[in-house]
Amino acid sequence: MSARAYRNFAWTVVAFTVVTILWGSLVRATGSGAGCGGHWPTCGGHFVILPRTREMWFELPHRLSSGLLLLLVGLLAALSLRTFPRGHAVRKGAFAAFGVVLLEALLGAGLVLFGLVGKDDSLTRAVVIAVHLTNTLLLLGALTLTAWLAGCSTPMVRRRSGWAGWALAGGLVAVAVVGASGAVTALGDTLFPANELARAVRDDLSTTAHVLMRMRLLHPFIAMSVGAYVLWMAGAVAEMDGRARSAARYVMVGVLAQLAVGFINLFLLAPIVLQVIHLLAADLLWIALVTLTATAVLVPAAHSVAPSSPTERVATHPSSAAARTTMASSPWRAYLALTKPRVISLLLFTTLAAMFVAAKGWPGGWLLLATAVGGYMAAGAANTINMILDRDIDARMARTSTRPTVTQEIPLRNVIVFAAALTVGSFVLLWFAANPLTALLAMLGLAYYVLVYTVWLKRRTWHNIVIGGAAGAIPPLVGWAAVTGELNALAWYLFAIIFAWTPVHFWALAMLIREDYARAGLPMLPVVRGPRETVFQIALYAALTAAVSIVPFFQRQVGGGYLGVALVLNLVLLTRATQLYRRPERQTARAVFKYSLSYLALLFLALAADRSTLVHSAIAMASGLFRAS
């Protein structure tokens, strides 16, 4: 057999594998896993049988296609011995695929023989399903790599790919984790079908909810976080290596398509057709990702020198050497700088203040500490990922040119690991120390900041801070959920206050660093519309903030004490905004920026004090003593 014919056969086996995987999802989605009873490899105790039930019509073809797949992969391995010389990478890939397909058959047999099919909702089944899906991805990856290698005209060797190799490896692992969580989520959709989205969310958040039901909320957040990472990683690898650009584009399209189908699947309550389409998109994304990895990591034996990376070029920035000299002796400061502690401080304050508002007093020391640490870790992870994605524009801005991701004071591989550790640590801490809703909201804030603001909006439109500002409004929801385990109207009012306040705060800052944004090519409002439009928008959002901030009083969520403080704070805010509108200068913009920080802190402090039963008791006691005297 010629190498070209072998390559065509290998890609045919890849396509047949995808079909077999999709049919397996139909078996699971229709509850037909027990269609042949507890028998394996026979069906109902017979090797040859005509399907008699609906379940058997689904299960029997899947068994036949799986058996045929085993033979095809075995044939692929045997033909590699005749087509390629000893030690060739195609041989290794084909035999690796054969070993994985044998394990795949054993896992499928185990599901049937141990009764982990049909209506079984045990944790054991969930674990085996996750392992089964991971093994399926390994099989598909080995076959894809074999087919790709068979199409190479010369032997390929691994090159020193530096951070790109680690980033690609992380992407493969992360996507496999998403796939495993998706398999468990799909099992939950089959065993615990939902009729209404809002009710399904409430049921899934219940403390008595089955673990499979809780996974339905967890999976979308994992998918969004991993999707953001893979989008960045594919773009960075394409920039580093021109050979990988085509494969990187397929990966990016695959991620966006997968996220789109996933959201539709969520809102339509996972109909079987969409579940199959979702899995097909996942398989195609995995094939594209494996192809991208092979393209970037493997090169012809005569061209094994790694090209320079964009981060290596960034390291030549004039500030790099000075920054490394200044901070090399204190690496912990560089890691701390990745989290942007000054930015987080106000977010963390609103989180903790919301906890006091929700608890109407002291929320508990351990819960307060755990939420503070978990919230900081989530926000720090988001900021770290933001620095990874924006290191090219950060290098062009004086304000950000000394960030560790620009100076390479910390290797990019370590920055990625640090962001991942913060993300996982935050989620685990908030899940167990508070409740699942708290952990999910923190991950929502992270994913929204990275995907919506950083990846989608920041470089495209001046509306970036208006829409993307929702990420900064999520911390109060995190604090509220940590105390109550739910979100009521007042919690959403806190969200709305910060959402309306963010443009006032940010655009005042943007006026001060307008030249920096223009140099970096970012479409911030002062750059694309000028100072006059900016101050008008600031005044508009200042009025909106003032209006939203007093709504809780008219909804009888807070008392007169809060109203009095809010009126004073709003009067000063509107006065400062008016002054800026009349004199759009740096001095008045700085005054608005600085006051906006105090405004939000004092407003939330007033909310906490107004809702505190301890404060009310102290006021009542003081009033009683005054009357008695």
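The values are calculated or read from the model by the stated rules, or taken from the named source; none is laboratory data. Keep in mind the model is a prediction, meaning the values are calculated, not measured. For neighbour counting, all protein chains shown are included, and Cβ atoms are generated from backbone atoms with ideal geometry for every residue, glycine included. Note: accessible area is taken over every heavy atom of the protein model, side chains too, but ligands, DNA and RNA are not part of it. Shrake-Rupley method; radii C 1.70, N 1.55, O 1.52, S 1.80 Å.
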**Q.** Residue within the stretch 120-136 that is touching a residue at least 24 places away in the same chain (Cβ under 8 Å) and in contact with a His (Cβ under 7 Å, 6 or more places away or on another chain) present
**A.** yes
Q) Taking interchain pairs and intrachain pairs at least six residues apart, which have beta carbon atoms under 9 angstrom, with the first residue in the stretch 352-376 and open to solvent by less than 20 Å² (accessible area, probe 1.4 Å) and the second of a type in the set (D, E, K, R)? A) Val357/Asp610; Val357/Arg611; Ala358/Arg611; Gly361/Arg611
Q. Is it true that Leu138 is outside any helix (DSSP H, G or I) and surrounded by 15 or more Cβ atoms within 10 Å (Cβ to Cβ)?
A. no
Q: For the stretch 157-171, indicate whether the set of residues that are among the β-branched types (Val, Ile, Thr) and within 16 Å of the chain's Cα centre (by Cα) is non-empty.
A: no
Q. Which members of the stretch 299-310 meet the condition of being at pLDDT 55 or above and either open to solvent by 30 Å² or more (accessible area, probe 1.4 Å) or of a type in the set (Lys, Arg) (or both)?
A. Pro300, Ala301, Ala302
Q: Scan the stretch 535-556 for residues that are of a type in the set (A, V, I, L, M, F, W, C) and touching a residue at least 60 places away in the same chain (Cβ under 8 Å) and jot them down.
A: none
(Q) Against the definition (under 30 Å from Met156 (Cβ atoms) and open to solvent by less than 50 Å² (accessible area, probe 1.4 Å)), how does Leu133 come out, yes or no? (A) yes
Q: Any chance you could count how many residues in the stretch 253-278 are open to solvent by less than 60 Å² (accessible area, probe 1.4 Å) and within 20 Å of the chain's Cα centre (by Cα)?
A: 10
Q: Within the stretch 497-508, identify whether any single residue is of a type in the set (A, V, I, L, M) and open to solvent by 10 Å² or more (accessible area, probe 1.4 Å), and answer yes or no.
A: no
Q: From the list Arg627, Arg586, Arg590, pick out the single residue that is at pLDDT 80 or above, over 36 Å from the mean Cα position of the chain (by Cα) and of a type in the set (Lys, Arg).
A: Arg586
Q. Among the residues of the stretch 207-245, how many are part of a helix (DSSP H, G or I) and either in contact with a strand residue (DSSP E or B) (Cβ under 9 Å, 6 or more places away or on another chain) or among the charged types (D, E, K, R) (or both)?
A. 5
Q) In the stretch 386-408, is there at least one residue being under 23 Å from Leu256 (Cα atoms) and touching a Gly at 6+ places or on another chain (Cβ under 8 Å)? A) no
Q. If you take the residues in the stretch 87-118 that are without any contact (Cβ under 8 Å) to a residue 24 or more places away in the chain and of a type in the set (Phe, Trp, Tyr), which one is farthest from Leu26 (Cα to Cα)?
A. Phe95
Q: State the number of residues belonging to the stretch 121-171 that are basic (Lys, Arg) and closer than 18 Å to Ala282 by Cβ.
A: 0
(Q) With the condition being open to solvent by 30 Å² or more (accessible area, probe 1.4 Å) and among the acidic types (Asp, Glu), I'd like the helices (runs of 4 or more DSSP H) fully within the stretch 510-616 carrying at least 1 qualifying residues. (A) 514-520, 530-554
Q.
Looking for something open to solvent by less than 20 Å² (accessible area, probe 1.4 Å) and assigned to a loop (DSSP other than H, G, I, E, B) - is there at least one such residue anywhere in the stretch 468-477?
A. yes
